[in-house]
Structure formats: structure tokens, C-alpha cells
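The structure under discussion appears below in the form of C-alpha cells.
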Amino acid sequence: MNGVHSVADVIAMACLLLGALLCLTAGLGLLRFPDVLSRMHAGTKPQAVGVLLIMVGSALRLAGSSVVWMLLLVAVFQLITAPVSAHMIGRIAYRRRHVRRDRMLVDELGSGAGRPGGPQGDEPADGDARRGR
Amino acid sequence: MTAPDVALRRLRDQLPLLGALVLVWNLLWGTWSWANLLSGIAVALAVTWLLPLPPVTGGAGFHPAAVFRYLVRFVTDLATSSAEVAWSALRPRGLAAGAIISVPLRTDSDLLLTMITESLCLVPGSIVIDLDREARTIALHLLSVHDLAAVEAQRAEVLATEERVVRAFGSAADIAALDRNPT
Amino acid sequence: MTVVSVLVFAMLGGGVLLALLRLGLGPSLLDRVVATDALLVIISAGLAVYAALTRNPTVVPVLVVVSLLGFVGSVSVARYIGGMLSDTADDDRRADPVPEVRP
């Protein structure tokens, strides 16, 4: 019952493996990338595609049951919501200066359009803490 | 304009949202039946009545060939971008420098701008971090660029994405605006 | 079959572990928000993998709830931190409770 019986099962297994690998690289990027904005790239793209692949694999394995549509709904939600939360977090990260300017090649927004400098709120920005300001 | 007229117009503006809610309700139940359809319509009406949203207007076109081209490109972009980010997380060298650029767009429609930013988040190398609605300018963070030529290539890519979205889903006026200011 | 399940769960567990490390290390609150978001997504992926490998659809509704909860959670925390910003306080000042009647 639970074994691999058909071509669909093989494809489902491949999807599950690839999706899990992408989730692993998302975690790795989250740990290795140097600032919040880069970490958000890791948390958005491989993550969304990994979940998409895992949902497709599960839908193939559970074909015929009524939860298949629910799985595809989760995949679509993931594709729609990942950019939204990334955008909200990114905007706040930029405005609170959690950006390491020493790593920026180009910064066309300048230093936040005439806002008072220095970190605001309750904690220091990453780049400033590392330069010991 | 009389009161029922206004209510009718609001209902027409909300119609796509109602349809989407009914579809989601049916997918959650997993099976299709008349009872699910009717209860879905009831729930959708209740949700839009209790939690009203401003109507989405403008930019409602649908061009099948362009939509198909957009979808194919979107899927390949999704695959390449996640492979790219995964590879830069795995490789020992790590990341090159990042960049923040701002790009002026030519579109002036809430719906299209939303779709453009959603697709930009999932194409290689960029995340939208700010959107100035009046100036129609978006700010993007690029994950890893080696030199200024790569930055310019990304900028051209953003404008190409905008063009694909507008040609797929824009109204005639939006496409005309695109043609007035070619890249 | 067993090999696949061990491999998949090992990779997902590795992802969870790395996200947890970032959650603990993260120098700022936003790092932790991103890590929590990733953590919840990987958990929902793990639930889906369990459902697929055992052909047992019981946990799928839980999966829908977890994935939506991750989104709502990260967006509301992001809005909360945005409210602490001093230079976008135009609509936050209005939200501040102003005591009008003093006894």
C-alpha cells in the first residue's frame, strides 16, 4: 500500500526530494547570508519553490482523495503571500537601516532621503554594530 | 444616482473578489456540490459585507497569447531564480555585493503594479522593498551583483517584466502608455 | 521507499535546525521574523511529506492553517515593528490613545 508502484509515485518522490533540498538550502542561506535583505531572498524564493514542489508531490501521492485541491491551494497561497511578507519586512529593514552599506555596490535610495541618521527604535542596525559605531 | 444603483455598482466591482472567494471555499471542501456552491456564495457575501475592501478598478484586460507567454516566462524565472539563490547559499565563496536600485515604471494602475511587484519578487535576483505610488517608482534590492553592467541588466529585466505583465493583463490605455515610452 | 523518507526528513530537519540557529543568533528582531516564517513553512512542508509518504490525508487541514498562520504572523509582527518607527508616525500618532477626559 505504501510502496512505490507507478510512474506517478516515482515523479512524486523526485518532487519531494527536490523540494526538501530547496528547503535545506533556504535554511543554509538564512544562516550564511550577511544581512536581513539577503536573508529574505533565501527565505522567499527557494522556500516558495520548495513548498510548491512538495505540495505537487503530495498531491500526486494522494491523488483521488478530496484533499488534493487543498494542497494546491496551499501552494498558490505560498506563491502569493511570500512576496507580500518579504516586501513588508524588506521595507522596514531598509527604513530602520538594517542594511550593511559596506556591502552595497549601488544605493540609489541614498541614506533614506533626508531622514535623521543613525539607527532608530530599540536596537542597533547590523552593519553599525559590526563596525563598532 | 439612486441608492440601489450605487449598491449595484459596488456589487459589480466586487464580483471578481466574490468569485475568487467562492472558488477557494469549494477547493477547501475538495468536492463540488450545489450545497458547497450556495454556502460559498453566502460566506463570500458575508465576508465582503463585514470586511469591505476598496474596489479594484482599471487594468482589466486579458490577452490569451500574451498571458501564455507571461506564464511560461514566470515559471522558468521561478525555477532559475530559486536554483540561483540555492547555489549562492551552497557555494563556498558566498555572495558578491548587493545593490539597491530604483526604477521608474510607466504603468499607472493599482492592479497591474501589484502584479508587477509580485512577479518581480520571484524573478532572479530582486526583491521589491519600496513602492512610491505617486511617482510610480519602485525600489529593489538585488542579491548579488558583480559590477555595474549587472545592475543595468537587472534594470532592463525589470522593465521587460513590466512590459510582459502589462501586455498580458493591461487595458488598451495601459498598453498605449507603454508604447508611448518604449524602453 | 525507506531511503527516500529518511533522506527527505533529514533534509527538512536540517533546514529546521539552521532556521532555529538563525532564530537564536539573529542580531535583530527582523532576522528572527524571517527565521520564524521559514520555520513555519518548513514545518508545513514536513506535514505534507508525512501525508504523502503514509498516504494519510488527516493532517492536510492542519497544513492549511499552519501555512496561513505563518503569513499572518510575519505580516503582523512586521506591522508592529513598523509602528515603532518614529519617522513614519503620521498614522501612528492618530492611533495613540490620547486621554481627553481627566478626572
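The values are calculated or read from the model by the stated rules, or taken from the named source; none is laboratory data. Please read these numbers as outputs of a predicted model, since none were measured by experiment. Cβ placement follows ideal geometry from the backbone for every residue including glycine, while neighbour counts extend to all protein chains displayed. Just so you know, the surface numbers come from the protein's heavy atoms only, side chains and all, with ligands and any DNA or RNA stripped out. Shrake-Rupley method; radii C 1.70, N 1.55, O 1.52, S 1.80 Å.
Some observations on this one:
- For the segment B:26-36, counting C-beta atoms of other chains within 10 Å of every residue's C-beta and taking the mean gives 3.
- With every protein chain in place, the range B:114-160: carbon and sulfur % of accessible area (1.4 Å): 59
- In the complete set of protein chains, residue-level accessible area for A:LEU24 is approximately 50 Å², probe 1.4 angstrom.
- Percentage relative contact order, chain B, counting C-alpha pairs under 8 Å, at least six apart: 25
- Sequence-separation-based contact order of the range C:2-87, relative, with Cα cut under 8 Å and 6+ spacing, percent: 26
- Taking all protein chains into account, the per residue accessible area for the range C:2-87 stands at 43 Å² (1.4 Å probe).
- Contact surface B-A: accessible area buried, both sides summed, square angstrom, 1.4 angstrom probe: 3500
- Rg/Rh (Cα only; Kirkwood hydrodynamic radius) as it applies to the range C:2-87: 1.09
- Compared with its chain on its own, the range B:104-118 contains the following residues whose accessible area drops by 20 Å² or more in the full protein assembly (probe 1.4 Å; ligands, DNA and RNA excluded): B:GLU118.
- Solvent exposure ordering (accessible area, 1.4 Å, most first) of A:ARG32, B:ARG155: A:ARG32, B:ARG155
- Over chain B: helical MRE at 222 nm, DSSP H runs n ≥ 4 each giving -39500 (n - 2.57), nearest 500: -21500 deg cm²/dmol
- The range B:7-71, accessible surface, carbon-and-sulfur percent (1.4 angstrom probe): 79
- Area hidden from solvent between C and A (accessible, protein heavy atoms only, 1.4 Å, total, Å²): 4500
- Of the listed residues B:GLU152, B:GLU134, the order by accessible area with a 1.4 Å probe, largest first, is B:GLU134, B:GLU152.
- A 1.4 Å probe run over the protein chains yields, for the range B:64-180, 42 Å² of accessible area per residue, whole-number rounding.
- Members of the range B:74-98 that become less accessible by 50 Å² or more once partner protein chains are added (1.4 angstrom probe, chain alone as reference): B:LEU78, B:SER82, B:VAL85, B:ALA89, B:LEU95
- Lys/Arg +1, Asp/Glu -1 at C-beta; the range B:127-180 dipole; positive extreme among B:LEU131, B:LEU159, B:ALA172: B:ALA172
- Total charge dipole magnitude, the range B:113-177, about the Cα centre, Cβ charges on Lys, Arg, Asp, Glu only, Debye to nearest 20: 140
- Counting only protein heavy atoms and a 1.4 Å probe, the range B:3-50 has 71 square angstrom of accessible area per residue.
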